[in-house]
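The values are calculated or read from the model by the stated rules, or taken from the named source; none is laboratory data. Here the structure is a predicted model, which is why all the values come from computation and not from measurement. Backbone-built Cβ (ideal geometry, glycine too); neighbour counts: all protein chains shown. Keep in mind that these areas ignore ligands, DNA and RNA; they rest on the heavy atoms of the full protein, side chains included. Shrake-Rupley method; radii C 1.70, N 1.55, O 1.52, S 1.80 Å.
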Amino acid sequence: MQFKTIIEPFRIKSVEPIGLSTEEERVHYLKEAHYNPFLLRSKDVIIDFMTDSGTSAMSAHQWAGIMEGDEAYAGSRSWLRMENEVQDLTGMQHVLPTHQGRAGERIVYGHLGGPGKVFISNTHFDTTRANIEFSGATAIDIPIKENEDTALLHPFKGNMDTAELERLLKEHEGRMGAVILTVTNNSGGGQPVSMANAKEVSAICKRHGVLLMLDCCRVAENSWFVKHREEGMEKLSYREIAQRMFALADGAVMSAKKDAFANIGGFIAFRDGALAEACTNLLIITEGFSTYGGLAGRDMEAIAIGLEEVFDPHYLEYRIKSTAFLGDALNKMGVPLMLPIGGHAVYIDAKKLYPHIPPAQYPGQALVCELFRIGGIRSVEIGSVMFGTYAEDGSLKPARMELVRLAIPRRVYTQSHIEYVAEAFGEVMRHREQVKGLRIMKEPKFLRHFTAHFETL
Ligand SMILES: *Cc1c(COP(=O)(O)O)cnc(C)c1O
């Protein structure tokens, strides 16, 4: 018999209580947090869909590994285990540990970047873009055209526009820092990248002599989509698919807080020894010695184990299907979504949900506040708060899309938590015409979404 119910392929061994609150309390919390969910206290959040980063539940096996962590400054056994695991997965010889993804980005893109340099990606993640721009370089996003139409169904909406890549590589010849393929495409809607697209991008980069980096935070989730949606891939294991994708790149940066189920950590991997050496020098100055890079031995142990666990077919099946379970429930209610549903998150198209709120009044941020008020659900705006810039005259140059992301922590919430969130959306839909936008009262120069203060209009 084929069961329709996708069960969580694990039992819960240790629990963390959720603090429940009233709507009145939450209205107060929101005001105190200046309508910015990053300024809320987690104890006041009921369902935390802010991020899937560092929020995974570790397995009993990983916790056992934590006890086995070797905290030696140099040549730690836990480092050798992690290095071995990353080498086997990526096929890249040179591996550098970092305390999280952006530490690797700062080192690699700081080294390859600088004023006048250009980086091209299917979509740069916010920290990737910030590190590139902080070095003085330019970051250009070229997702395929289909990515922009949120309702359009396409099996690999995270793909890079390869015709545009060819054109840009000619235009910026001699100025290229690197091409970065983000799998899955997080800021572009958590959408997967096909093996065929990765192959094409790789061939173009080789032809132009440009370095290809894989931002591989969710490479296992991407492999699920490749296996189930791409012809000729169905017989390969998820791990083999990931290995084939790595084989197309010159280097990789990973935040282990995603598909490695770790609460902290990351790595850089390279084929080229000279590049690895330059980055190792930067690593030692700012992160730590090359055999721990800002991580404790126990973290490296947890990462090594997580990188094996994530390719378990039962886990990946549950992971992708349970994300789709939330997406399908919202879709049925008429909530405008980024379709098809991606791997780690459900993205709501706030521009369509609140057509009466212009981008300069941040419709995504308005939805984020509504979700918290109604259900204590914390989400994140991925729109003009995160990516908007200002024109010379001070007016807002909006982002390409106004999305809100419900990122689902791995192995943390059960089906009833998800059903509660769907119920809250019923209320969101009933109120959609009354909701008002916001204005920014205070903001920093980089990554303003983290600390900006808002006021309701
Ligand atoms: C999370 C993430 C990063 C940055 O990693 P951190 O560990 O948060 O510093 C980079 N790229 C992508 C695609 C990510 O999802």
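Within region 57-100, the residues that satisfy the criterion of being of a type in the set (G, A, S) and open to solvent by 10 Å² or more (accessible area, probe 1.4 Å) are A57, S59, A60, A64, G69, A72, A74, G75, G91. Across region 421-441, the qualifying residues are those that are touching a strand residue (DSSP E or B) at 6+ places or on another chain (Cβ under 9 Å) and closer than 20 Å to P398 by Cβ, and the one among them that is most open to solvent (accessible area, probe 1.4 Å) is K436. Taking the criterion of being in contact (Cβ under 8 Å) with a residue 60 or more places away in the chain, not hydrophobic (A, V, I, L, M, F, W, C) and not in a strand (DSSP E or B), the residues of region 375-393 that qualify are G375, G376, S379.
Annotation note: of A399, A422, the sole residue that is within 24 Å of the chain's Cα centre (by Cα), modelled with pLDDT of 95 or more and of a type in the set (A, V, I, L, M) is A422.
With respect to the stated conditions, E105 fails to be surrounded by fewer than 24 Cβ atoms within 10 Å (Cβ to Cβ), of a type outside the set (G, A, S) and assigned to a helix (DSSP H, G or I).
Restricting attention to region 196-220, the residues that are of a type outside the set (V, I, T), assigned to a helix (DSSP H, G or I) and in contact with a Phe, Trp or Tyr (Cβ under 9 Å, 6 or more places away or on another chain) add up to 3. Residues that are open to solvent by 40 Å² or more (accessible area, probe 1.4 Å) and hydrophobic (A, V, I, L, M, F, W, C) were ranked within region 146-191; the one that is nearest to G110 (Cα to Cα) is A163.
Let's see how each residue does on (1) surrounded by fewer than 19 Cβ atoms within 10 Å (Cβ to Cβ); (2) assigned to a helix (DSSP H, G or I); (3) not assigned by TED's automatic domain parsing to the domain that holds K157:
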| position | (1), (2), (3) |
| --- | --- |
| Y292 | no, no, no |
| L295 | no, no, no |
| I303 | no, yes, no |
| E317 | yes, yes, yes |
| I320 | no, yes, yes |
| T323 | no, yes, yes |
| V335 | no, no, yes |
| L339 | no, no, yes |
| G342 | no, no, yes |
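None of S78, S21 is touching an Asp or Glu at 6+ places or on another chain (Cβ under 7 Å), among the polar types (S, T, N, Q) and assigned to a helix (DSSP H, G or I) except S78.
Regarding region 124-145, can at least one residue be identified that is part of a loop (DSSP other than H, G, I, E, B), within 15 Å of the chain's Cα centre (by Cα) and either among the charged types (D, E, K, R) or buried (at least 24 other Cβ atoms within 10 Å of the Cβ) (or both)? Yes. Within region 66-75, does at least one residue satisfy the condition of being in contact with a strand residue (DSSP E or B) (Cβ under 9 Å, 6 or more places away or on another chain) and either at positive phi or within 16 Å of the ligand (Cβ to nearest atom) (or both)? Within region 66-75, not a single residue is in contact with a strand residue (DSSP E or B) (Cβ under 9 Å, 6 or more places away or on another chain) and either at positive phi or within 16 Å of the ligand (Cβ to nearest atom) (or both).
Tell me whether region 367-381 contains one or more residues that are open to solvent by 30 Å² or more (accessible area, probe 1.4 Å) and under 14 Å from I47 (Cα atoms). So far as region 367-381 goes, yes, one or more of its residues are open to solvent by 30 Å² or more (accessible area, probe 1.4 Å) and under 14 Å from I47 (Cα atoms).
Scanning region 130-140 for residues that are within 16 Å of the ligand (Cβ to nearest atom) and in contact (Cβ under 8 Å) with a residue 24 or more places away in the chain yields a total of 6. Among all residue pairs at least 6 apart or on different chains, which show Cβ distances below 7 Å where the first residue, located in region 394-413, is assigned to a strand (DSSP E or B) and the second is among the hydroxyl-bearing types (S, T, Y) and surrounded by fewer than 23 Cβ atoms within 10 Å (Cβ to Cβ)? Listed by first residue and then by second, the contacts come to L396/Y390; K397/T389; K397/Y390; A407/T51.
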